[in-house]
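Here's the structure we're looking at; comments come further down.
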Amino acid sequence: MIHVHPEIFTLAPDFCRGIIIAKNLNNIGECSELLALLGEAEDDIKTHEKPTSLASIVAWDEIHRAFGSNPNKFPPAHKNLLKRVNKPEVRLPFISKVVAIMNTSSLSLRNPVGGDDLKRCQEFGTDLELRLARGNETFLALGKDVKEETPEENEVIYAVGDTIMCRRWNWRNSCQTLITGETTEIVMNIDCLGEGASEQAQVGAAMVAALLREFCGASVEQYVLSASEPSLHL
C-alpha cells in the first residue's frame with residue numbers, strides 16, 4: 001500500500017501526489033531523444049525569472065518551515081534542481097533514462113518529481129508511507145562515505161517500515177531504494193501544492209507515464225492521492 005497520513009494534510013490540506021507505478025522497465029543505455037528533451041527543459045528554465053520567485057518554490061518553502069525544516073539549508077529537490085540549472089554554464093549529466101525523465105518532468109512542471117526501485121522498497125516492508133517521523137527510523141543518503149542517520153521527530157519522511165526513502169518530504173533520497181540500470185519496477189511521485197494541485201498532479205502523472213512508456217517500454221499505471229483519497233493498494 002502507498003499511504004499519505006492524515007497529519008500531512010493537516011500541514012497541507014490541498015496537497016496532491018501523482019503516483020506512477022511502472023513495470024517491465026528498461027533503464028539501460030543512453031537516449032539522444034531524452035537528452036534533447038532534457039536540454040529543452042533546461043533552456044526553458046534559463047530563459048525565465050529566478051527560480052526562487054516561482055509560486056511552487058515559495059509554497060514548498062512555507063511547508064518546509066511549517067514542519068520545522070529550513071528550506072534554504074535543506075532545499076526541496078526541485079528548488080535545488082531549478083537553481084542549479086538556472087546557471088548559464090550548467091548542463092545536467094545523463095545518468096539513466098529514468099533519471100532523465102525525472103529531471104525533465106521536474107523542470108517542466110516546476111514541482112518535485114522523485115522515484116524509487118519498487119522491488120528494493122519491498123525488501124523493507126509492504127507499506128510506503130508519507131508521514132511524520134518518530135525519530136527512530138534510519139536513513140542512508142546518496143553519496144560517498146555515507147553514515148546512517150536518524151530523522152528529527154515530526155520531520156516529514158517517505159518511508160517503508162523504519163527505512164526512510166526520502167527525508168524532509170522531498171529533500172534527499174536514500175541509496176537503499178536507488179533506481180539503477182538493473183531496475184525493472186519503479187514508483188514515481190509528483191508532489192503538488194496550492195490551487196490546482198490535483199490538476200497539476202494529473203498532468204504530471206500523465207507526462208511521466210507517457211515518457212516511461214515511450215523511452216523505457218514500461219507498462220504503466222497512474223494515480224493521484226489527496227486528502228479524499230489518501231491510499232493506494234498495490
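Computed from the coordinates by the stated procedures, all read-outs in this text should not be read as laboratory data. Model, not experiment: these values are computed from the prediction. Cβ coordinates were reconstructed from backbone atoms using ideal geometry, including for glycine residues, and neighbour counts include every protein chain displayed.
Considering the stretch 60-70 alone, what residues qualify as being crowded, with 20+ Cβ neighbours inside 10 Å and under 14 Å from Asp191 (Cβ atoms)? Spell out how you get there, then give the answer.
Filtering the stretch 60-70 down to residues crowded, with 20+ Cβ neighbours inside 10 Å leaves 60, 63-64, 69.
Residues satisfying the conditions are Trp60, Ile63, His64.
Report yes if some residue within the stretch 41-52 is touching a Ser or Thr at 6+ places or on another chain (Cβ under 8 Å) and either among the charged types (D, E, K, R) or touching a residue at least 60 places away in the same chain (Cβ under 8 Å) (or both); otherwise report no. Before the answer, list the steps.
Residues of the stretch 41-52 that are touching a Ser or Thr at 6+ places or on another chain (Cβ under 8 Å), as a first pass: 41, 44.
Add one more test, that the residue is either among the charged types (D, E, K, R) or touching a residue at least 60 places away in the same chain (Cβ under 8 Å) (or both), and what stays is 41, 44.
Scanning the stretch 41-52, I find at least one residue that is touching a Ser or Thr at 6+ places or on another chain (Cβ under 8 Å) and either among the charged types (D, E, K, R) or touching a residue at least 60 places away in the same chain (Cβ under 8 Å) (or both), so the answer is yes.
Quick check, is Ile21 closer than 30 Å to Glu214 by Cα and out of contact with any Asp or Glu (no Cβ under 8 Å at 6 or more places or on another chain)?
Details: closer than 30 Å to Glu214 by Cα: yes; out of contact with any Asp or Glu (no Cβ under 8 Å at 6 or more places or on another chain): no.
For Ile21, the condition - closer than 30 Å to Glu214 by Cα and out of contact with any Asp or Glu (no Cβ under 8 Å at 6 or more places or on another chain) - is not met.
In the list Val99, Val90, which residue meets the criterion of being surrounded by fewer than 17 Cβ atoms within 10 Å (Cβ to Cβ) and among the aliphatic types (A, V, I, L, M)?
Exactly one of Val99, Val90 is surrounded by fewer than 17 Cβ atoms within 10 Å (Cβ to Cβ) and among the aliphatic types (A, V, I, L, M), namely Val90.
Give me the residue from the stretch 191-227 that is under 19 Å from Tyr158 (Cβ atoms), in contact with a Lys or Arg (Cβ under 8 Å, 6 or more places away or on another chain) and hydrophobic (A, V, I, L, M, F, W, C) and, out of that set, surrounded by the most Cβ atoms within 10 Å (Cβ to Cβ).
Only one residue fits best here, namely Cys192.
How many of the residues in the stretch 119-142 are free of Cβ contacts under 8 Å to residues at least 60 places away in the same chain, part of a loop (DSSP other than H, G, I, E, B) and either at negative phi or surrounded by 18 or more Cβ atoms within 10 Å (Cβ to Cβ) (or both)?
Matching residues across the stretch 119-142 total 9.
Can you tell me which residue is nearest to the chain's Cα centre (by Cα) among those in the stretch 157-170 that are crowded, with 24+ Cβ neighbours inside 10 Å and not in a strand (DSSP E or B)?
Asn170
So, in the stretch 25-58, of the ones that are out of contact with any helix residue (DSSP H, G or I) (no Cβ under 9 Å at 6 or more places or on another chain) and assigned to a loop (DSSP other than H, G, I, E, B), which residue ends up surrounded by the most Cβ atoms within 10 Å (Cβ to Cβ)?
His48
What do you reckon, is Thr10 free of Cβ contacts under 8 Å to residues at least 12 places away in the same chain and among the polar types (S, T, N, Q)?
yes
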